[in-house]
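To start, the structure under review is shown below, and the notes come after it.
The values are calculated or read from the model by the stated rules, or taken from the named source; none is laboratory data. Keep in mind the model is a prediction, meaning the values are calculated, not measured. Neighbour counts are summed over all protein chains in view; Cβ atoms, including those assigned to glycine, are modelled from backbone coordinates with ideal geometry. With ligands, DNA and RNA removed, areas are computed over all heavy atoms of the protein, side chains included. Shrake-Rupley method; radii C 1.70, N 1.55, O 1.52, S 1.80 Å.
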Amino acid sequence: MTALARPTNGRMIGGVCAALARRFGTSATTMRVIFLLSCLLPGPQFLLYIALWILLPSEDKTRTAW
């Protein structure tokens with residue numbers, strides 16, 4: 001598994017779904033569809049997305065740190 005960081009390429013809004021897809025070995029489109037379907041259920045999915053957007057580092061920042 002790779003480190004959890006928002007990629008600089010292939011992201012649509014914040015890169016959260018792309019980062020999760022890369023981490024779990026699925027496509028970004030699959031992860032986006034899962035997220036959209038989960039938004040139909042009750043719960044704080046949108047708030048979780050915003051929190052991950054804020055908390056996950058961008059891939060370019062993690063490259064310069066190492």
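Numbers at a glance
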read-out: Per-region count, the range 40-54, residues among the hydrophobic types (A, V, I, L, M, F, W, C) and surrounded by 12 or more Cβ atoms within 10 Å (Cβ to Cβ); value: 5
read-out: Hits in the range 11-22 (condition: over 17 Å from Leu47 (Cα atoms) and open to solvent by 80 Å² or more (accessible area, probe 1.4 Å)); value: Arg11, Met12, Arg22
read-out: Thr29, sole failed condition from (1) touching a residue at least 12 places away in the same chain (Cβ under 8 Å); (2) out of contact with any strand residue (DSSP E or B) (no Cβ under 6 Å at 6 or more places or on another chain); value: (1)
read-out: Phe35 assigned to a helix (DSSP H, G or I), without any contact (Cβ under 8 Å) to a residue 60 or more places away in the chain and either surrounded by 15 or more Cβ atoms within 10 Å (Cβ to Cβ) or touching a Gly at 6+ places or on another chain (Cβ under 8 Å) (or both); value: yes
